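Written below as structure tokens is the structure these notes are about.
The values are calculated or read from the model by the stated rules, or taken from the named source; none is laboratory data. Quick caveat, the model's predicted, so the values are computed rather than measured. Virtual Cβ from ideal backbone geometry, glycine too; neighbours counted across all protein chains shown. These accessible areas exclude ligands, DNA and RNA; they are computed on the full protein's heavy atoms, side chains included. Shrake-Rupley method; radii C 1.70, N 1.55, O 1.52, S 1.80 Å.
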Amino acid sequence: MYRSLVICVAFIAFCATTPMARSAEAQAQPGISAAAPSQQITRPGERASTLGAAENFTGRARVDPLFAPNETINASLAYVSFDPGARSAWHTHPAGQRLVVTAGVGLTQEWGKTAQLIRPGDAVWCPPGVKHWHGAAPDTSMTHLAMGASVDGKSVTWMARVTDEQYAAASGVAARSTQPQAVAGSQANAETLTARQQAIPLIAAFMATGDMVGLNAGLNQGLDAGLTVSEAKEILVQLYAYVGFPKSLNALGELLKVTQARRQRGIQDAPGREPSRPVLTGDELLTVGKAYQTRISGAPVTGPVMDFAPVINQFLQAHLFGDIFERDNLDWRSRELATVGALAATPGVEAQLRSHMRASLRVGLTATQLHQLIQVLAEHGEKQAAQRAKDALTQALAAAQGR
């Protein structure tokens, strides 16, 4: 909604200052004639996306331009999408800059001042010459519109990168401000899983085993704890890559029944949001997927199987880590909770389960939270899954400690 509203506002402002609007006025006055220029419509995909330069950004920032300055209006507009933890370097704008957050949670900070949390709908005005940075919160991606103008052909002056220490200090704002609102049975301690997070591995485990009764209960538990419908759908869609299309389709059908039954009982579940970024294609998709795979796996993925059948790694990079993990309507910690739950419930995939236990630690889940995941599985009748998860976590922690 914010994205559409901002584009409409920008378009109205643009039209009001162009010869197109003025020529219409001229044609309405006798004796005045002017050639009316035609509208120009550029479709998504016709404008090339770029990645923020490594010297000016920490982490991945993607720029999707909307329009550039021309002879009529000295301003540019673009979407800038930051991965979790990504941020700009310190910089200034000679003509100032306006930002409008359209998705996710972000941070912005002026030099010498406290960082500020920014959310969808927030509009930020940075005056000319003010040294600042902006980016995503540690665990959540963020997209904003950025509008600025140039002075003598220059729109930005880049400075030093934001250090990890500076970002960690600023991120304390996000840590205190992005905790889920309290719901019945939820836990606010960052060292424990929230009620919403506890439901995710249960949903995944019941989907993996084809237990529709358990899945129905798990979905209701998750929705009651604040899981949005979009997040629930995303979990079930992602897991097709781990347990197969048939189980994913069956689980989505069960979610449809659950949401319909809840509406009939007068329960209005939060719909959530769709991904904020356009779908990548071609080489860009493969590049992003490979980067995500390396980040989550801890190193480039190689080995005899990948050498024997390289196409499987290409599919992993382009589709699982590209198409799916690029979708920012579900955070990576939730994705790993789902993957661990599904793999723990699936006999014979212990090697993959160990790998995803290590990945869970890399994306920010703690050993305490993963032990709690195991306890949740055991308490809900998934004792064999809990034992497999326990064994995998023990080995993952030993590997992390170099034993």
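Computed quantities for the displayed model
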{"item": "Segment 261-297, subset among the polar types (S, T, N, Q) and in a helix (DSSP H, G or I), residue surrounded by the most Cβ atoms within 10 Å (Cβ to Cβ)", "result": "293"}
{"item": "Any hit, segment 298-315, residues being open to solvent by 50 Å² or more (accessible area, probe 1.4 Å), assigned to a loop (DSSP other than H, G, I, E, B) and β-branched (Val, Ile, Thr)", "result": "yes"}
{"item": "Residue pairs meeting the criteria (Cβ under 8 Å; at least 6 apart or on separate chains; first aliphatic (A, V, I, L, M), in segment 381-403; second open to solvent by less than 50 Å² (accessible area, probe 1.4 Å) and outside any helix (DSSP H, G or I))", "result": "385/345"}
{"item": "Cross-chain or 6+ apart pairs with Cβ under 8 Å, segment 157-169 first and touching a residue at least 12 places away in the same chain (Cβ under 8 Å) and at negative phi, then open to solvent by 60 Å² or more (accessible area, probe 1.4 Å) and part of a helix (DSSP H, G or I)", "result": "none"}
{"item": "Given (1) open to solvent by less than 60 Å² (accessible area, probe 1.4 Å); (2) within 17 Å of residue 295 (Cα to Cα), index of the condition residue 388 fails", "result": "(2)"}
{"item": "Criterion violated by residue 367 - all others in (1) within 20 Å of residue 192 (Cα to Cα); (2) open to solvent by 70 Å² or more (accessible area, probe 1.4 Å); (3) small (Gly, Ala, Ser) satisfied", "result": "(2)"}
{"item": "Residue count, segment 110-123 (criterion: under 21 Å from the mean Cα position of the chain (by Cα), assigned to a strand (DSSP E or B) and either under 13 Å from residue 166 (Cα atoms) or not polar (S, T, N, Q) (or both))", "result": "3"}
{"item": "Hits in segment 222-232 - residues which are open to solvent by less than 40 Å² (accessible area, probe 1.4 Å) and more than 13 Å from residue 207 (Cα to Cα)", "result": "222, 223, 225, 227, 228, 229, 230, 231"}
{"item": "Tally, over segment 118-156, of residues that are among the aliphatic types (A, V, I, L, M) and surrounded by 18 or more Cβ atoms within 10 Å (Cβ to Cβ)", "result": "7"}
{"item": "Subset tally (residues that are aliphatic (A, V, I, L, M), closer than 16 Å to residue 201 by Cα and in contact (Cβ under 8 Å) with a residue 40 or more places away in the chain) for segment 233-263", "result": "6"}
{"item": "Residue in segment 348-361 that is of a type outside the set (Gly, Ala, Ser) and touching a Gly at 6+ places or on another chain (Cβ under 9 Å) present", "result": "yes"}
